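Written out below as structure tokens is the structure these notes cover.
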Amino acid sequence: MPPDHLVDGRTPVTTVYALHENPEWFPPFARAFEAEGVEVVEWLLTDGVLDLDSTPPEGIFWSRISASAHTRDHALSKDYARSVLSWLEAHGRRTVNGRRVLELEMSKVDQLTALRAAGIETPRTVAAIGRERILEAAEGFATPFIVKHNQGGKGLGVRKFDAHEDLAAYVGSPDFEEPQDGITLVQEYIQAAEPFITRAEIVGGTFVYAITADTARGGFQLCPADACAIDPDTGRPIMPPGATIAPEPGQQLFSLREGFSHPVIAQFEEFARRNHLEVCGIEFIETADGRVVTYDVNTNTNYNAVVEAVAPKSAPRELARYLKTLA
């Protein structure tokens, strides 16, 4: 069931309902909504009851369900969200990052095929359906290469291999990480010109700012949310959930990429508009030979406190303003 006060026809049109499963990620958004004077109701999709004969309330329904929900013991959230979004859209309710976008979040295959269809360069990738097909999928790859989970988030299952024999040993070992949906991606390893990736944040189809993530220190674990902040040198949290003091600059994996301007941004904006990605963060690598290779689309994007402190505008505030225009 929706929260108790979501009763048919008795809520104002201006209410924004935030559909999510991880309260630790929500405080920056709650503060932004309050600052913008937007009424927001959190609807946690962890478990519940959905009466298909009921009528949804009026309002704007913003989904930020994550592909990594199962890592927080919320394995039901993805299918719960599918059901809720289908119900909402069948009743004509305005969803933001709705049912179709949820599928993009849940599948890197979906993301990469959509990016390629838009003319955006992506890494060579082969999907192995089933553990026993991973070695076959990797046969045509020069070393090094990486494997990752199709249903990812937080760097799930990402490993780099310098030899096919090492992959065979890993797949046959008890250390093998089984992907949630049974699909493992084998992907070319992209050598960056500098040890960082860039993430372009987009709200309402418009570029907000770009951040860099330090891959030399952070590896593949590059969640920018404050609740995710782990110092790779110590393995300890840099900023525990609820903390308001930013980490020291030397500890910070994420930085604002000031003045970033590149034709790929216009491609991302058009990609977002065509695919109804109203809120997203798109990650790419600039290679030593001058290519821009895009490898990930985050539809439940989080924002980093240190970046926000110096950014020319606040991404959560831009989101709150955007949702207010829809209401």
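The values are calculated or read from the model by the stated rules, or taken from the named source; none is laboratory data. Quick caveat, the model's predicted, so the values are computed rather than measured. Don't worry about glycine lacking a Cβ; one is built from the backbone with ideal geometry, like all the others, and counts go over all protein chains shown. We work out accessible area using only protein heavy atoms, side chains counted, and drop any ligands, DNA or RNA first. Shrake-Rupley method; radii C 1.70, N 1.55, O 1.52, S 1.80 Å.
When you scan the stretch 100-116, do you find a residue that is open to solvent by 40 Å² or more (accessible area, probe 1.4 Å), touching a His at 6+ places or on another chain (Cβ under 7 Å), part of a helix (DSSP H, G or I) and closer than 30 Å to Leu19 by Cβ, even just one? Step through it out loud before you land on a result.
First pass over the stretch 100-116, keeping only residues open to solvent by 40 Å² or more (accessible area, probe 1.4 Å): 100, 103, 109, 113, 116.
Restricting the remaining residues to those that are touching a His at 6+ places or on another chain (Cβ under 7 Å) gives 100.
If we keep only those that are part of a helix (DSSP H, G or I) as well, we get 100.
Next cut, closer than 30 Å to Leu19 by Cβ only: 100.
Within the stretch 100-116, one or more residues are open to solvent by 40 Å² or more (accessible area, probe 1.4 Å), touching a His at 6+ places or on another chain (Cβ under 7 Å), part of a helix (DSSP H, G or I) and closer than 30 Å to Leu19 by Cβ.
Among the residues of the stretch 155-165, is any surrounded by 14 or more Cβ atoms within 10 Å (Cβ to Cβ), among the acidic types (Asp, Glu) and free of Cβ contacts under 8 Å to residues at least 40 places away in the same chain? Scanning the stretch 155-165 turns up no residue that is surrounded by 14 or more Cβ atoms within 10 Å (Cβ to Cβ), among the acidic types (Asp, Glu) and free of Cβ contacts under 8 Å to residues at least 40 places away in the same chain. Of all residues in the stretch 81-97, those satisfying the criterion of being small (Gly, Ala, Ser) and surrounded by fewer than 20 Cβ atoms within 10 Å (Cβ to Cβ) are Ser83, Ser86, Ala90, Gly92.
Here Thr184 meets each of (1) out of contact with any Ser or Thr (no Cβ under 7 Å at 6 or more places or on another chain); (2) modelled with pLDDT under 80; (3) crowded, with 17+ Cβ neighbours inside 10 Å with one exception, condition (2). In the stretch 303-325, of all residues being open to solvent by less than 50 Å² (accessible area, probe 1.4 Å) and hydrophobic (A, V, I, L, M, F, W, C), the one that is nearest to Glu194 (Cα to Cα) corresponds to Val307. Filtering the stretch 32-80 to residues that are open to solvent by less than 10 Å² (accessible area, probe 1.4 Å), of a type in the set (Ser, Thr, Tyr) and assigned to a loop (DSSP other than H, G, I, E, B) leaves Ser66, Ser68.
Filtering Glu283, Glu270 for residues that are surrounded by fewer than 19 Cβ atoms within 10 Å (Cβ to Cβ), in a helix (DSSP H, G or I) and modelled with pLDDT of 90 or more leaves a single hit, Glu270. Of Val101, Val38, Val84, all but one fail to be within 16 Å of the chain's Cα centre (by Cα) and touching a residue at least 40 places away in the same chain (Cβ under 8 Å); the exception is Val101.
Looking at Thr244, Thr212, just one residue is surrounded by fewer than 21 Cβ atoms within 10 Å (Cβ to Cβ), modelled with pLDDT of 90 or more and out of contact with any Cys (no Cβ under 9 Å at 6 or more places or on another chain), and that residue is Thr212.
Residue-by-condition table, conditions (1) more than 23 Å from Arg64 (Cβ to Cβ); (2) among the aliphatic types (A, V, I, L, M):
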position: Arg94; (1), (2): no, no
position: Asn97; (1), (2): no, no
position: Glu105; (1), (2): no, no
position: Glu121; (1), (2): yes, no
position: Arg133; (1), (2): yes, no
position: Ala142; (1), (2): yes, yes
position: Asn150; (1), (2): no, no
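Is it the case that the stretch 291-302 has a residue that's over 16 Å from Arg199 (Cβ atoms) and either surrounded by fewer than 17 Cβ atoms within 10 Å (Cβ to Cβ) or modelled with pLDDT of 95 or more (or both)? So that I can check it myself, show each step before the final result.
Here is the first cut: in the stretch 291-302, the ones over 16 Å from Arg199 (Cβ atoms) are 291.
Those left that are additionally either surrounded by fewer than 17 Cβ atoms within 10 Å (Cβ to Cβ) or modelled with pLDDT of 95 or more (or both): 291.
Taking every residue of the stretch 291-302 in turn, at least one turns out to be over 16 Å from Arg199 (Cβ atoms) and either surrounded by fewer than 17 Cβ atoms within 10 Å (Cβ to Cβ) or modelled with pLDDT of 95 or more (or both).
Only one entry in Glu178, Glu132, Glu194, Glu136 is surrounded by fewer than 18 Cβ atoms within 10 Å (Cβ to Cβ) and in contact with a helix residue (DSSP H, G or I) (Cβ under 8 Å, 6 or more places away or on another chain), namely Glu178.
Where residues in the stretch 197-209 are among the hydrophobic types (A, V, I, L, M, F, W, C) and open to solvent by less than 40 Å² (accessible area, probe 1.4 Å), which of them is farthest from Thr299 (Cα to Cα)? Only one residue fits best here, namely Ile197.
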